[in-house]
Ligand SMILES: [Zn+2]
């Protein structure tokens, strides 16, 4: 016999030092912070304690532009459009949602960050991204 149920598992975890710097910068300054690697130059977002490209830990925080390019996206019915966004100055992409996304999206379209009016050091302090321009 198989019994099907959904299990909710609420959890709380520490954001860590690097993750906390990212969240506090969102909350206090409306800034998106990343980490630049002294060894290889890779810039990751959000902030990290080690480089995802070369594993070095000599990183410094850098402020990233609140604008970037659409890399990929998916629509989740009832939840909206979620996208990978390559912020200007960063390597890799940040996963977040699109706000008021147009019917047609294209790889490379310009997007801009929009911050929540009330912020609480949570990823939702970055409300999402709005499409600002056409693709290449
Ligand atoms: Zn590196």
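Mind telling me which of 44, 57, 124 comes out most flexible in a GNM of the chain, alpha-carbon contacts under 10 Å?
Maximum among the listed residues: 57.
Which value in nm describes the separation of the simple spin-label points at residue 1 and residue 38, placed 7 Å from the Cα toward the beta carbon?
6.3 nm
Pulled fully out, how much extra length does the chain show between residue 63 and residue 100, if you take 0.36 nm times their separation in residues and subtract their Cα-Cα distance?
10.8 nm
Quick check on the chain: what are the equivalent-ellipsoid semi-axes from the Cα gyration tensor, as sqrt(5λ), descending, whole Å?
Details: eigenvalues 127, 102, 52 Å².
Gyration-tensor ellipsoid for the chain: 25, 23, 16 Å.
Read-outs: derived from the displayed coordinates by stated rules, not from any lab. Computed from a predicted structure; not experimentally measured. Every residue, glycine among them, receives a Cβ derived from its backbone with ideal geometry; neighbour counts consider all protein chains shown.
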